[in-house]
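First up is the structure itself, then whatever we jot down about it.
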Amino acid sequence: MDPNIQTPVDRKVIEQKIQENGLEQIGQASIREIVKLVNEIEKATGERYIRMEMGVPGLKPPAEAIEGEIEALRAGVASKYPMIEGIEELKQEISRFVKNFINIQVDPKGCLPTVGSMQGAFASFLVSCRRDPGKDTTLFIDPGFPVQKQQHKVLGMKYETFDVYNYRGDRLGEKLESYLKKGNISTLLYSNPNNPSWICFTEKELQIIGELANKYDVVVMEDLAYFGMDFRQDISRPGEPPYQPTVANYTDNCILLISSSKSFSMAGERVGMMVIADKLFNSRFPKLAEYYPGDGFGYSMVYGALYTLSAGTNHSAQYGLLKILKAVNEGTRNFVEDVREYGERAKIMKELLLKHGFTLVYDRDENQPLADGFYFTFAFPGMDGKELLEKLIYYGISAITLDITGSERTEGLRACVSQVGKDQMEQMDRRLEQFARDHLNSV
Ligand SMILES: Cc1ncc(COP(=O)(O)O)c(C=O)c1O
C-alpha cells in the first residue's frame with residue numbers, strides 16, 4: 001500500500017496483524033484465515049468491516065426448527081441413538097418436500113438426513129467413486145466449494161476440474177464429453193446456484209449434463225446448498241410450478257444434496273438431506289462389496305458410509321428439520337421469502353461496486369444477467385484478485401480470492417452478502433468511493 005494514502009482503517013495495526021498471523025500473502029489465505037485476521041483487526045481498531053469473506057447465514061433460524069428440536073429434546077431423544085437412515089417421519093417429509101418443490105418422485109428410503117451437506121458429499125464420494133474399478137476420478141464443474149476437493153485429498157481420491165466460465169450453453173456438452181469419453185470419470189459434481197459465482201445452469205445445460213451422465217454412466221452429484229435461492233423465479237409454493245431446476249429431470253443416475261444451512265438458516269445444527277434417485281439407490285455394483293456389507297448402492301450408503309462416519313445424524317436436529325419441512329410442505333412457512341433479503345443486499349452491493357468502477361466477473365447465465373443472491377464475484381481494472389484483496393483490507397472490506405475456488409478468473413474476488421447489513425451500505429459506498437479515488441488514476 002502507498003504510505004501516502006490515508007486509509008479508512010489504521011494501516012499500522014493492519015500491517016502488524018498481517019505479520020503476527022504470517023499472512024504476508026493475504027491473497028492466498030483460506031477463508032478461515034481471513035476471518036481470524038479481520039476479527040483481530042476489528043478488535044484492535046474498533047472499526048467494523050464490510051465482511052464479505054465467509055458464507056455464514058446472517059438470518060435467524062425459523063421458529064418451527066427451534067421448536068421441533070426443543071420438543072424432541074424434552075421428549076428424551078438425546079439419550080437414544082437415531083436410526084442411521086433417519087427417522088421415518090423425516091424421510092417421508094423429505095420425499096414430500098422434493099415432490100412439492102422439485103417435482104420429482106423419490107422413495108422415502110432414498111431420502112437420508114446427513115450431518116450437513118458436507119457429510120452428504122463425503123459419504124457420496126465414498127460410495128459413488130468406488131462402484132466401478134475403471135472409474136476412479138471425480139469431475140468438478142468449477143468454480144466450486146473448496147472443501148469438496150479437500151475431501152478428495154483426505155480420501156486419497158482423484159479429481160479433474162474445469163472452469164465453466166467459457167463453456168456455457170451448447171459448449172458445455174462438448175467440454176463435458178471431452179472428459180467423460182476418457183472413461184475414468186465416476187462422478188460429476190457442481191453446485192446450483194453456484195458457490196462462488198452464483199451462476200445457475202439453464203434447463204438446456206441441465207439436460208446436457210443429465211443426458212451425458214446417462215450415456216457414460218456417471219453419477220451426478222447436484223449440490224443444492226442454495227435451494228430455492230435463484231430469486232429470479234419464485235419456487236416457494238408447494239406443488240405448483242415453477243420448481244427448483246434439477247438434473248433429476250434428465251437422469252436417474254443422481255444424488256441431490258440439499259443443505260438446510262442457508263435455505264433454512266440452520267447451519268449450526270449440521271443437518272442436511274441426501275436424496276438418491278430410486279434407480280441408483282436400488283442399483284448393485286459388485287465392487288462395493290469389497291468395502292461395504294453388500295453391493296447395493298443405497299445399502300452401502302447407509303450401512304457402509306453413513307454408519308462408519310457418524311452412525312446417523314443428530315436426533316433432535318432431525319426433528320427440527322422435520323418441523324420446518326412440514327411447515328413449508330403445508331404452505332404455512334414460505335422459506336424463500338425468509339431468505340429473499342440476501343438478494344436485496346446483493347443488488348445494492350453490486351450497484352455500489354459498479355458505480356465506483358468495479359466490474360462483475362461471472363455475470364451471465366447464457367443470455368440472462370445473473371440472479372442477485374448469496375454470493376457474487378467482482379474485480380477492479382488493472383489489478384489481479386490477490387492485489388485487490390490485499391488493498392481492500394485497508395479500506396475495511398474483506399472477501400476471498402476466486403483462485404482458491406478452482407476459477408481461472410484470477411482477477412476476481414468472491415463476495416458473500418450474508419454478513420453485510422443494510423445499515424452498512426452507506427459506509428460501503430464511502431469506502432469504495434475512496435478506494436476508487438485512490439486507485440483509479442494509478443492503474
Ligand atoms: C456449495 C456448497 N456445498 C455444501 C456446503 C456445505 O453445506 P452444509 O452446511 O449443509 O454442510 C456449502 C456451504 O457453504 C456450500 O457452499
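Each reported figure results from applying straightforward, stated rules to the coordinates on display, with no laboratory input. On a predicted model such as this, the values are computed, not experimentally measured, just so you know. No Cβ is skipped: glycine too gets one built from the backbone with ideal geometry, and neighbour counts run over all protein chains shown.
What to note about this one:
- Förster radius 22 Å - calculated FRET efficiency between ASN214 and LYS175, Cβ distance, rounded to 0.05: 0.80
- Net lengthening on full extension, ASP10/GLN92 (0.36 nm per residue, minus Cα-Cα): 24.0 nm
- Counting only residues at least eight positions apart within a chain, or on another chain, the lysines with an alpha carbon under 17 Å from that of LYS43 are LYS12, LYS17.
- Using the Cβ-Cβ distance between GLN233 and ASN166 with R0 set to 30 Å, the FRET efficiency from 1/(1 + (r/R0)^6) comes to roughly 0.70.
- Close Lys-Lys pairs in region 63-203, where close means Cα under 15 Å and separation is 8 or more or interchain: 8
- Think of region 346-443 as having a plus end and a minus end, set by charges on the Cβ of Lys, Arg, Asp and Glu; of ALA399, VAL420, HIS439, VAL420 sits farthest toward the positive end of this dipole.
- 3J(HN,Hα) along region 319-328: 6, x, 5, 4, 5, 6, 5, 4, 4, 6 Hz, from the Karplus curve 6.51 cos²θ - 1.76 cosθ + 1.60 with θ = phi - 60°, whole Hz, x for Gly and Pro.
- Based on the Stokes-Einstein relation at 25 °C and a viscosity of 0.890 mPa s, and on the Kirkwood radius from alpha carbon pairs, region 290-395 is assigned a translational diffusion coefficient of 131 µm²/s.
- Cα centroid separation, region 88-143 to region 341-389 (Å): 31 Å
- Counting neighbouring Cβ atoms within 10 Å and putting the fewest first, the residues MET1, MET383, MET301 line up as MET1, MET383, MET301.
- GNM result for the chain, Cα springs below 10 Å: residue of THR114, THR410, THR308 fluctuating most strongly: THR308
- Over the Cα atoms of region 71-134, the radius of gyration divided by the Kirkwood radius equals 1.07; this is the Rg/Rh ratio.
- Near the amide H of LYS158, within less than 5 Å, lie the amide hydrogens of THR138, all on another chain or at least 5 residues away, with H placed in the peptide plane.
- On the beta carbon distance between MET54 and MET425, with R0 = 22 Å, the FRET formula returns roughly 0.70.
- Normalised convex hull volume, region 1-123, alpha-carbon set, Å³ per residue: 213 Å³
- Antiparallel content of DSSP bridges confined to the chain, in %, to 5: 50 percent
- Three principal axis lengths of region 88-222 [C-alpha, angstrom, descending]: 43, 33, 29
- Here the Karplus relation 6.51 cos²θ - 1.76 cosθ + 1.60, evaluated at θ = phi - 60°, turns the backbone of region 84-94 into coupling constants of 4, 7, x, 6, 4, 4, 5, 4, 4, 6, 5 Hz, with x for every Gly and Pro.
- Calculated from backbone phi, Karplus (6.51, -1.76, 1.60) coupling profile of region 98-107 in Hz, x at Gly/Pro: 5, 5, 5, 10, 10, 6, 10, 9, 10, 4
- Fraction in percent of alpha-carbon pairs per bin - 10 Å, region 209-364: 9, 28, 32, 22, 8, 2
- Percent RCO, i.e. relative contact order, over the chain, from Cα pairs under 8 Å lying at least 6 residues apart: 25 percent
- One chain, two ends: LEU155 and GLU20. Fully extended at 0.36 nm per residue, the span grows by 45.3 nm beyond their Cα-Cα distance.
- Estimated 222 nm signal from helices in the chain, with DSSP H stretches of n ≥ 4 weighted -39500 (n - 2.57), rounded to 500: -12000 deg cm²/dmol
- Placing dummy labels 7 Å off each Cα toward the beta-carbon, the span from ASN282 to SER79 is 4.1 nm.
- In region 221-299, the alpha-carbon atoms span a convex hull of 114 Å³ per residue.
- On Cα atoms only, tilt of 425-440 relative to the major axis of the chain in degrees: 60 degrees
- Per-bin percent of Cα-Cα distances, region 379-443 [5 Å]: 3, 17, 25, 26, 17, 9, 2
- Value of relative contact order over region 50-167, rounded to a whole percent, pairs C-alpha under 8 Å and six or more apart: 15 percent
- For region 63-330, the C-alpha radius of gyration sits at 0.96 times the compact-globule guess of 2.2 N^0.38 Å, with N the residue count.
- Distant-in-sequence amide H partners of ASP365 (H built 1.01 Å from N, under 5 Å): LEU370
- Taking amide H as placed 1.01 Å from N in the peptide plane, THR114 has its amide H under 5 Å from the amide H of GLY272, MET273, MET274, each at least 5 places away in sequence or on another chain.
- Calculated P(r) of region 106-150 - Cα pairs past 13 Å, %: 66 percent
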